[in-house]
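Only the coordinates and a few stated rules stand behind these numbers; no lab work does. Quantities reported herein were computed from a predicted structural model and do not represent experimental measurements. Counting neighbours? That spans all protein chains shown, and the Cβs are built from the backbone with ideal geometry, glycine included.
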Amino acid sequence: MPNIVIAGAQWGDEGKGKIVDLLTARVQVVARYNGGHNAGHTVIVEGRKFVLHLIPAGILHPGILCVIGNGVVIDPAALERETGELRELGVEIGDNLVISDRAHLILPHHRALEALSEDQRGSRKIGTTLRGIGPAYEDKAGRRGIAMGDLLRPSVLPAKLAEARRHYEEVLRGAGRAPDVDWDALVTELAAFGERHRARIVDVSLVLHRHLAEGYSVLFEGAQATLLDLDHGTYPFVTCSAAAAGGASTGTGVPPSRIDGVLGVAKAYCTRVGTGPFPTEIEGEAEDSLRSRGSEYGATTGRPRRCGWFDAVAARYAVRINGFDTVALTKLDVLDELESVPVGTGYRFEGRTLEEFPSDVSILEECEPVYEVLPGWRASTLGVRDWAELPEAARRYVDRLSELIGAEIGVVSTGPDREETIVRGNSALASWFA
Ligand code: IMP
């Protein structure tokens, strides 16, 4: 198979884990390129549920090399918890998992800084996952971060931590709070963590380069999604990493010229966790019903997700940013009972209709969606594996979304299991599989 990036087209939780899992059977390497344990991929394999946060979903397939790229941030405790949980479920984790020596660490002071920053924002808080993600990327960009490779030379750790410590203490004292990180204990813990993982801390760009040179295929796995991307999302209500497809290159050290295609994952409706604008958000009974039919609760935080209709303006924007060759539309079955299904096709703003997604969040916050209402199908699509077996109105819904976003919808997911999937015969995906 060619080398493909999988990226989310909305605000995350589109069901990327399942699509990654589906494609993994066709590749030899899966490389995660952004984010940290803020992500939560739920994958159901033969009725068994696996929840992954940091480790690529490829780990569930024997013989696949799983790579955590330099664009990812790693909380040592979270990594060890996840490897422990997976091993208890019988998943083998040995030399099939490597981690970039350039991936930065999330340390205890990052969580404290994040809690403070969210407190200080008051009603404008981002609603982050409080995992320390943002401050870890801030330390990286501020050139005071600690990378996995630093753990391999523990003697230099205290000196390297000094800048991060100085910054943290200044911020906390400035806010009238007492810093409470035990830096000596931290050095000891980090050195032990580094020692336990020494064999898998590698130059990921080199490993990937060598695998590509051997003719192996790489699947680049994105976490979060386009509208949460630090550069292209609904800033400042975003995560701090390059979640859109471009991040695959910067987040692994594989040049764009070695990437052959991009698959976007979009849900048949929209959800968002955390605060920030969400033009097609719905309220009341319709939202509750969508949430409960779609089990829309965070895999990482358990938070109820905000729910709304498919937003074709936002999805078309995601098609532009990522260059999706094909889109996997997930959770179609969640809409099965609806008599009609609204789709956002434009935004009303100051008496005009906007057809393009605005960059300015203050404009987006004032936009009212324009809806096209499509007929529902009122029949079960759960587990349908063949396009021709979908009710006609469901096929029309999928085709209309494809027309509105300007990209083919080559995959339709009709249930959580790997098998509950339609791959359309004439799609880019089918040609990649051929
Ligand atoms: P952070 O990534 O914890 O900094 O959170 C920033 C924003 O991204 C918040 O709105 C989070 O709810 C959102 N977010 C982070 N990770 C995910 C995810 O995996 N799915 C959905 N939203 C996420």
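Residues that are away from the ligand (no atom under 16 Å from the Cβ) and more than 21 Å from Arg400 (Cα to Cα) number at least 1 in the following strands (runs of 3 or more DSSP E) confined to the stretch 236-333: 261-267. Residue count for the stretch 379-434 under the criterion of being part of a helix (DSSP H, G or I) and without any contact (Cβ under 8 Å) to a residue 24 or more places away in the chain: the result is 10.
Each residue in the stretch 22-62 was checked for being within 16 Å of the ligand (Cβ to nearest atom), touching a His at 6+ places or on another chain (Cβ under 9 Å) and farther than 18 Å from Ile99 by Cα, and 4 of them qualify.
Condition check ((1) among the charged types (D, E, K, R); (2) out of contact with any His (no Cβ under 8 Å at 6 or more places or on another chain); (3) on the phi > 0 side of the Ramachandran plot) across all residues:
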| residue | (1), (2), (3) |
| --- | --- |
| Glu169 | yes, yes, no |
| Arg198 | yes, yes, no |
| Leu206 | no, yes, no |
| His211 | no, yes, no |
| Gly215 | no, yes, yes |
| Glu221 | yes, yes, no |
| Thr226 | no, no, no |
| Val238 | no, yes, no |
| Gly251 | no, yes, no |
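Filtering the stretch 122-140 to residues that are part of a helix (DSSP H, G or I) and either within 11 Å of the ligand (Cβ to nearest atom) or over 16 Å from Leu172 (Cβ atoms) (or both) leaves Gly122, Ser123, Arg124, Ile133, Gly134, Pro135, Ala136, Tyr137, Glu138, Lys140. Being away from the ligand (no atom under 16 Å from the Cβ), buried (at least 18 other Cβ atoms within 10 Å of the Cβ) and farther than 24 Å from Thr250 by Cβ holds for only one residue in Leu79, Leu65, Leu86, Leu97, and it is Leu86.
Only one entry in Phe357, Phe349 is free of Cβ contacts under 8 Å to residues at least 24 places away in the same chain and of a type outside the set (Ser, Thr, Tyr), namely Phe349.
Here are Arg291, Arg320: which of them is touching a Pro at 6+ places or on another chain (Cβ under 9 Å) and not hydroxyl-bearing (Ser, Thr, Tyr)? Steps first, please.
On the way: Arg320 fails: touching a Pro at 6+ places or on another chain (Cβ under 9 Å).
Within the list Arg291, Arg320, the selection yields Arg291.
Can you say whether Arg102 is within 22 Å of Ala31 (Cβ to Cβ), touching a residue at least 60 places away in the same chain (Cβ under 8 Å) and within 11 Å of the ligand (Cβ to nearest atom), as far as the supplied structure shows? Before the answer, list the steps.
Numbers: within 22 Å of Ala31 (Cβ to Cβ): yes; touching a residue at least 60 places away in the same chain (Cβ under 8 Å): yes; within 11 Å of the ligand (Cβ to nearest atom): no.
No, not satisfied.
Kindly evaluate Leu227 against the criterion of being closer than 25 Å to Gly58 by Cα, more than 16 Å from the ligand (Cβ to nearest atom) and either touching a Leu at 6+ places or on another chain (Cβ under 7 Å) or part of a helix (DSSP H, G or I) (or both).
Numbers: closer than 25 Å to Gly58 by Cα: yes; more than 16 Å from the ligand (Cβ to nearest atom): no; either touching a Leu at 6+ places or on another chain (Cβ under 7 Å) or part of a helix (DSSP H, G or I) (or both): yes.
Against the criterion (closer than 25 Å to Gly58 by Cα, more than 16 Å from the ligand (Cβ to nearest atom) and either touching a Leu at 6+ places or on another chain (Cβ under 7 Å) or part of a helix (DSSP H, G or I) (or both)), Leu227 does not qualify.
Arg111 meets the conditions (1) more than 30 Å from Gly174 (Cβ to Cβ); (2) without any contact (Cβ under 8 Å) to a residue 40 or more places away in the chain; (3) of a type outside the set (Phe, Trp, Tyr); (4) buried (at least 17 other Cβ atoms within 10 Å of the Cβ) in every case but one. The failed one is (1).
Could you please let me know if Tyr397 is surrounded by fewer than 21 Cβ atoms within 10 Å (Cβ to Cβ), within 26 Å of Leu228 (Cβ to Cβ) and in contact with a Pro (Cβ under 9 Å, 6 or more places away or on another chain)? Lay out the reasoning, then the answer.
Numbers: surrounded by fewer than 21 Cβ atoms within 10 Å (Cβ to Cβ): no; within 26 Å of Leu228 (Cβ to Cβ): yes; in contact with a Pro (Cβ under 9 Å, 6 or more places away or on another chain): yes.
Answer is no for this residue.
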